[in-house]
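Okay, so here's the structure we're looking at.
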Amino acid sequence: MIRFEEVSVTYGDAAAPAVQGVDLTVPEGELCLLVGPSGVGKSTLLNAVCGLVPHFTGGTLRGRVTVDGRDTRTHPPRELADVVGTVGQDPLAHFVTDTVEDELAYGMESLGLAPDVMRRRVEETLDLLGLAELRDRAVRTLSGGQMQRVAIGSVLTTHPKVLVLDEPTSALDPAAAEEVLAVLQRLVHDLGTTVLMAEHRLERVVQYADQVILLPGPGAAPVMGDPAGMMAASPVRPPVVELGRLAGWAPLPLSVRDARRKATPLRERLSAVAAPAPGPAAGPGAGPGGGPGAEPGAGAEPVAAVVGLGVHRDRTPVLHGVGLTVRPGETVALMGRNGAGKSTLLRTLVGMHPPSAGSVRVGGAAPHKARPRELLRRVGLVPQEPRDLLSADTVAAECTAADRDADAPAGSCRKLVARLLPGVPDAAHPRDLSEGQRLALALAVVLTARPPLLLLDEPTRGLDYAAKARLVEVVRGLAAEGQACVLATHDVELAAELAHRVVILADGEVVADGPTEDVVVSSPAFAPQVAKVLAPLPWLTVAQVARSLEGASA
């Protein structure tokens with residue numbers, strides 16, 4: 001269905017191709033997963049299939065890409081629209097109309113389908129993706145995950161032969177991600193749709209893949225094979241595969257179910273050693289279990305205090321009766337389904353939404369009444385869309401502006417960028433960076449002011465496992481220095497690695513608040529893979545298991 005023949009893509013005057021040596025075939029009716037570190041060209045490869053490369057992005061395409069027999073070099077995206085449906089990393093950039101129902105119908109209108117066909121397909125898609133209750137909502141009022149589902153639905157209604165998806169579950173809560181993946185499986189198995197997908201959260205998707213295309217790194221040609229074989233060679237792997245490598249299982253498991261079948265000997269070994277200490281999986285001073293033990297900020301004045309908080313948006317109640325206290329050195333994960341109010345709570349902490357009830361204090365001040373430069377030194381927010389913080393033409397200019405705004409020594413921001421984003425040149429334009437690279441740059445900009453409270457909204461969206469590990473290291477270092485962090489995330493693995501506490505929101509209310517190891521294990525939806533494999537034992541991460549086994553053998 002999709003054929004790459006000696007394909008390479010070079011942008012502008014770049015010194016090296018973004019991808020090269022691509023020579024492979026994606027069969028019809030299979031789900032094929034693109035895997036590799038951030039910045040190796042996964043999005044470029046996807047864009048070459050739908051014709052955006054080179055017709056929209058520019059650059060030089062060498063070789064040949066054909067989709068259902070059509071050469072993308074001679075067929076621009078509009079001439080491929082009936083064959084290829086595409087959803088990019090940024091769902092907001094995908095929308096054309098104002099409401100959910102209109103957005104689902106727009107692609108079919110462009111293809112000239114009959115009104116009765118359009119009506120039937122809209123209803124089918126609303127039900128498939130759980131969007132029926134949102135049909136009349138304005139798309140710009142949706143949460144990030146809801147937008148993602150609408151974007152996917154808008155291409156499903158055209159019934160394309162090929163679906164091209166870039167990070168399709170990155171903004172979805174675990175339950176919504178499972179729904180979307182179940183829909184994709186149904187399309188592949190029942191309708192013969194070919195799905196080509198790039199996704200960093202491999203723990204969610206690798207077990208559903210028929211084939212995996214591995215992009216090992218810059219300059220290396222992609223290789224294609226069965227998922228288990230590719231995971232054995234891949235530099236990026238989900239926790240269940242890492243656990244299999246640690247335990248010496250063969251073949252490597254791709255799902256929790258496969259791992260549980262092999263895990264009895266490992267559970268027996270762990271039952272004989274000390275359980276991991278409470279707290280994040282690893283960090284400075286961690287013992288054999290991996291946790292720091294002492295509660296951070298105990299007895300210290302809170303950096304943020306939320307009491308009985310209510311927030312309305314467009315006269316609609318979003319939060320009600322929310323209470324939250326964050327102390328120095330504490331990392332708190334906000335979790336819950338899409339639309340639960342996580343992002344609204346973060347934005348309220350930086351003064352973007354005034355409370356309609358209750359109170360919010362950050363560093364002793366009400367954030368919605370504080371002046372911007374004063375607030376900058378109390379709290380910093382990295383939003384879901386990091387480009388909202390980036391306005392300069394180069395990475396160097398962003399860093400210079402960040403140093404100036406924070407009254408920080410020259411070069412402070414650039415040092416943070418080098419730590420979070422190694423290898424990115426000063427002259428690179430932020431819009432040319434990958435989603436994960438832009439997020440790392442925005443994080444460096446915010447951290448330059450060293451605010452006592454750092455807020456991160458979906459911080460691992462677009463990050464591969466190596467980039468996520470660097471983020472975890474940075475946040476742990478900040479916590480060790482007494483800086484607090486609140487992160488809204490659907491990434492259960494990140495919460496298990498990093499959070500001291502987990503707060504779960506549902507319909508604008510706090511329904512759980514407690515130590516990570518208590519809250520996530522008691523909730524099947526938010527439990528990490530290792531916890532599911534080793535249940536009822538209390539280990540949450542591969543790092544904890546490795547430390548416990550090392551301690552037992554020492």
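Summary table below
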{"item": "Unmet requirement for Glu101, which otherwise passes all of (1) of a type in the set (D, E, K, R); (2) touching an Asp or Glu at 6+ places or on another chain (Cβ under 7 Å); (3) over 19 Å from His159 (Cβ atoms)", "result": "(3)"}
{"item": "Top-ranked residue in segment 134-167 [being out of contact with any Leu (no Cβ under 8 Å at 6 or more places or on another chain) and within 25 Å of Val35 (Cα to Cα); ranked as most open to solvent (accessible area, probe 1.4 Å)]", "result": "Lys161"}
{"item": "Any hit, segment 27-38, residues being in contact with a helix residue (DSSP H, G or I) (Cβ under 8 Å, 6 or more places away or on another chain), of a type in the set (S, T, N, Q) and open to solvent by less than 40 Å² (accessible area, probe 1.4 Å)", "result": "yes"}
{"item": "Subset of segment 402-415 that is free of Cβ contacts under 8 Å to residues at least 40 places away in the same chain and part of a helix (DSSP H, G or I) - its residue that is farthest from the chain's Cα centre (by Cα)", "result": "Arg404"}
{"item": "Breaking point among (1) loosely packed, with under 14 Cβ neighbours inside 10 Å; (2) closer than 26 Å to Pro515 by Cβ, for Pro280", "result": "(1)"}
{"item": "Whichever residue in segment 307-360 is closer than 21 Å to Leu498 by Cα and open to solvent by 30 Å² or more (accessible area, probe 1.4 Å) and, among such residues, is modelled with the lowest pLDDT", "result": "Arg337"}
{"item": "Odd one out for Arg438, checked against (1) touching a Lys or Arg at 6+ places or on another chain (Cβ under 7 Å); (2) in a loop (DSSP other than H, G, I, E, B)", "result": "(2)"}
{"item": "Flag for Thr489 being over 16 Å from Gly380 (Cβ atoms) and within 19 Å of the chain's Cα centre (by Cα)", "result": "yes"}
{"item": "Residue satisfying all of: in segment 249-258; part of a helix (DSSP H, G or I) and under 24 Å from the mean Cα position of the chain (by Cα); surrounded by the most Cβ atoms within 10 Å (Cβ to Cβ) among these", "result": "Val256"}
{"item": "Arg414 vs. criteria over 26 Å from Leu334 (Cβ atoms) and open to solvent by 60 Å² or more (accessible area, probe 1.4 Å)", "result": "yes"}
{"item": "Candidates Leu172, Leu246, filtered to the one that is open to solvent by less than 20 Å² (accessible area, probe 1.4 Å) and of a type in the set (A, V, I, L, M)", "result": "Leu172"}
{"item": "Residue that is on the phi < 0 side of the Ramachandran plot, without any contact (Cβ under 8 Å) to a residue 40 or more places away in the chain and out of contact with any helix residue (DSSP H, G or I) (no Cβ under 8 Å at 6 or more places or on another chain), where the choices are Thr74, Thr66", "result": "Thr74"}
{"item": "Leu309 being of a type outside the set (D, E, K, R) and either under 26 Å from the mean Cα position of the chain (by Cα) or assigned to a loop (DSSP other than H, G, I, E, B) (or both)", "result": "no"}
{"item": "Test: residue in segment 238-257 that is within 23 Å of Val19 (Cα to Cα) and in contact with a helix residue (DSSP H, G or I) (Cβ under 8 Å, 6 or more places away or on another chain)", "result": "no"}
{"item": "Matching residues, segment 497-554, being within 14 Å of Val273 (Cα to Cα), open to solvent by less than 10 Å² (accessible area, probe 1.4 Å) and either of a type in the set (S, T, N, Q) or touching a His at 6+ places or on another chain (Cβ under 6 Å) (or both)", "result": "Gln544, Ser548"}
{"item": "Any hit, segment 237-248, residues being in contact (Cβ under 8 Å) with a residue 60 or more places away in the chain, part of a loop (DSSP other than H, G, I, E, B), touching a Leu at 6+ places or on another chain (Cβ under 9 Å) and basic (Lys, Arg)", "result": "yes"}
{"item": "Within segment 128-161, considering residues that are assigned to a loop (DSSP other than H, G, I, E, B) and hydroxyl-bearing (Ser, Thr, Tyr), the one farthest from Tyr106 (Cα to Cα)", "result": "Ser143"}
{"item": "Any pair with Cβ under 7 angstrom, 6 or more apart, that starts in segment 306-326 at a residue that is under 14 Å from Asp507 (Cβ atoms) and aliphatic (A, V, I, L, M) and ends at one that is in a strand (DSSP E or B) and open to solvent by 80 Å² or more (accessible area, probe 1.4 Å)", "result": "Val318/His312; Val322/Glu509"}
{"item": "Residue, most open to solvent (accessible area, probe 1.4 Å), within segment 364-390, restricted to residues that are under 28 Å from His490 (Cβ atoms) and in a loop (DSSP other than H, G, I, E, B)", "result": "Arg378"}
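Rundown of residues vs (1) within 18 Å of Met230 (Cβ to Cβ); (2) surrounded by fewer than 22 Cβ atoms within 10 Å (Cβ to Cβ); (3) touching a helix residue (DSSP H, G or I) at 6+ places or on another chain (Cβ under 6 Å), yes/no style:
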residue	(1), (2), (3)
Glu178	no, yes, no
Arg186	no, yes, no
His189	no, yes, no
Met197	yes, no, no
Arg201	yes, no, no
Val206	yes, no, yes
Ala209	yes, no, yes
Pro218	no, yes, no
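The values are calculated or read from the model by the stated rules, or taken from the named source; none is laboratory data. Note that the coordinates shown come from a computational prediction; the quantities given were computed from them, not determined experimentally. Heads up, the Cβs are rebuilt from the backbone with ideal geometry, glycines too, and the neighbour counts pull from every protein chain shown. For the accessible areas, the whole protein counts, side chains as well, though only heavy atoms, and no ligand, DNA or RNA atoms are used. Shrake-Rupley method; radii C 1.70, N 1.55, O 1.52, S 1.80 Å.
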